[in-house]
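Comments concern the structure below.
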Amino acid sequence: MLNIYIDESGSFAHAKHHNSWNLTSAFVVPTINKRDCSQALKQLKIDNGFKHSDEIKLKDVSESSYLNFLNALSKTSCTLYSVATDAGTQSVEDIEAHRDKQANKIEEHKDKMQYPKMAKILEDQANQIRKLSPQLYLQLLCQTALMSDVVRKSILFYVQRLPKQLNAFRWRIDEKTAGKSGFEQSFRSLAPPFLQSESLRKPDIHITDFDYSAMEQFLYTKDTKPTYLKEQYGIETSPDGGLDIRKLIWDDFKFVDSQNEEGVQIIDLIVSGLRRTLRGGFENDKTISEALGGLMVENIDNSFPMHFISTSQETCSVSSNAGKASIVFKKNQKPIFK
């Protein structure tokens, strides 16, 4: 089983200054590595004078002990995925225009619906998106992109190394995320159709020599794949089938209290560290960035392993500190192919 822990850092609210980073990140832990991760977290707490039952934050730990913690995690088969956006480089108008464009895309095929009920569902989804605040929309955009990255990259990574671990996917998100202005309701309603459509329109790389047998329950065949995208939206899909991403995510998906989930405590420490490196906030940013990069997975297109998102029409740019960190991440990333 792959245990996927997700947390965020930052409010995703518009900021007046550049270098106002907001991140959402996922830490993927194969079940065979859960004990190793638990031990690394326990040692970090001990090193900083806490009990193993305490929950600690990045501000509570020394830089040297944090580095030891990251290095311990890097000895496992765990992997890290992250999406970042600089709220200081995007105006409220940029975000609203991007939001409304996405809503219009959802509605553009509603007249092709065979049943009035389906047209009404599309109209309701589009209106739900238009009602999102810029802050909530930006957060939802990043969260959806993160989950897409996790699915695409982690399957290809682990099918070569630990294929039997692909038999189940357990998603756990810090419940404080759910409490942010109705985020959970919007996420549960809007993320599934976005992710499924993206999966069928752009199928994951599937290499015939690899053993995907453990995850057969999550795969469509050419005979079982849904036809609604072509019939109702006019979207052509792969003739070979695709990934049943709804089942893969929602079969075992929960918002949880971090106090009861060590994996969520771990990703909280990691995503806070990532945000600090983008801002240049460690005494030795390069060393910490090397350790964080060692947990990331290479992109097939050779882009940076951290996914940067912007709703601005201008070219997405990053600050000097973030640029330096990204280069270090890439130099130390795990190769996607074994």
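Which ones in segment 51-72 are more than 22 Å from residue 174 (Cα to Cα), free of Cβ contacts under 8 Å to residues at least 24 places away in the same chain and open to solvent by 40 Å² or more (accessible area, probe 1.4 Å)? Steps first, answer last, please.
Initial filter on segment 51-72 (more than 22 Å from residue 174 (Cα to Cα)): 62-65, 67-68, 71-72.
Cutting the leftovers down to free of Cβ contacts under 8 Å to residues at least 24 places away in the same chain gives us 62, 64-65.
Correct list: 62, 64.
Give the number of residues within segment 1-39 that are touching a residue at least 12 places away in the same chain (Cβ under 8 Å) and open to solvent by 10 Å² or more (accessible area, probe 1.4 Å). Can you show your working first?
Initially, segment 1-39 is screened for residues touching a residue at least 12 places away in the same chain (Cβ under 8 Å), giving 1-34, 36-39.
Remaining after also requiring open to solvent by 10 Å² or more (accessible area, probe 1.4 Å): 1, 8-11, 13-20, 31-34, 36, 38-39.
Count: 20.
Select from segment 130-146 the residues that are aliphatic (A, V, I, L, M) and open to solvent by 30 Å² or more (accessible area, probe 1.4 Å) and list them in ascending order. Selection gives 141 alone.
Here the condition is being open to solvent by 40 Å² or more (accessible area, probe 1.4 Å), farther than 27 Å from residue 14 by Cβ and at pLDDT 95 or above; of 327, 300, it holds for 327 alone.
Scanning segment 286-338 for residues that are of a type in the set (Ser, Thr, Tyr) and in contact with a strand residue (DSSP E or B) (Cβ under 9 Å, 6 or more places away or on another chain) yields 310, 311, 317, 319, 326.
Hey, any hits in segment 139-148 for a residue that's part of a helix (DSSP H, G or I), of a type outside the set (S, T, N, Q) and modelled with pLDDT under 90? The answer is no; no qualifying residue exists. Quick check: is even one residue across segment 85-94 aliphatic (A, V, I, L, M), within 30 Å of residue 290 (Cα to Cα) and touching a Leu at 6+ places or on another chain (Cβ under 8 Å)? Yes, there is a match, as at least one residue in segment 85-94 is aliphatic (A, V, I, L, M), within 30 Å of residue 290 (Cα to Cα) and touching a Leu at 6+ places or on another chain (Cβ under 8 Å).
Only one of these is among the aliphatic types (A, V, I, L, M) and out of contact with any strand residue (DSSP E or B) (no Cβ under 7 Å at 6 or more places or on another chain): 162, 146, 136. Name it.
Working: 162 fails: out of contact with any strand residue (DSSP E or B) (no Cβ under 7 Å at 6 or more places or on another chain); 146 fails: out of contact with any strand residue (DSSP E or B) (no Cβ under 7 Å at 6 or more places or on another chain).
Just a single option satisfies the conditions, and that option is 136.
Say whether the condition of being surrounded by 18 or more Cβ atoms within 10 Å (Cβ to Cβ), free of Cβ contacts under 8 Å to residues at least 24 places away in the same chain and not in a loop (DSSP other than H, G, I, E, B) is met by at least one residue in segment 280-292. No.
Once segment 73-107 is narrowed to residues that are open to solvent by less than 40 Å² (accessible area, probe 1.4 Å) and aliphatic (A, V, I, L, M), the residue that is nearest to residue 33 (Cα to Cα) is 73.
Testing residue 249 on (1) at pLDDT 95 or above; (2) surrounded by 15 or more Cβ atoms within 10 Å (Cβ to Cβ); (3) part of a helix (DSSP H, G or I), one condition comes back false. Which one is that? All conditions pass for residue 249, except number (1). Screening residue 268 on (1) more than 18 Å from the chain's Cα centre (by Cα); (2) among the acidic types (Asp, Glu); (3) open to solvent by less than 70 Å² (accessible area, probe 1.4 Å) shows it passes everything except condition (1). Restricting segment 161-179 to residues that are modelled with pLDDT of 90 or more and surrounded by fewer than 16 Cβ atoms within 10 Å (Cβ to Cβ) leaves a set whose member that is farthest from residue 211 (Cα to Cα) is 167.
Mind counting the residues in segment 180-215 that are closer than 20 Å to residue 167 by Cβ, at pLDDT 80 or above and of a type in the set (Gly, Ala, Ser)? Counting residues in segment 180-215 that are closer than 20 Å to residue 167 by Cβ, at pLDDT 80 or above and of a type in the set (Gly, Ala, Ser) gives 2. From the list 42, 34, the lone residue that is under 22 Å from residue 168 (Cβ atoms) and either part of a helix (DSSP H, G or I) or touching a Leu at 6+ places or on another chain (Cβ under 9 Å) (or both) is 34.
The values are calculated or read from the model by the stated rules, or taken from the named source; none is laboratory data. Since we're looking at a predicted model, the values are computed, not measured. Every residue, glycine as well, gets a Cβ built from its backbone with ideal geometry; the counts of neighbours run over all protein chains shown. Each accessible area value is taken on the protein alone, full model and side chains, heavy atoms only, with ligands, DNA and RNA left out. Shrake-Rupley method; radii C 1.70, N 1.55, O 1.52, S 1.80 Å.
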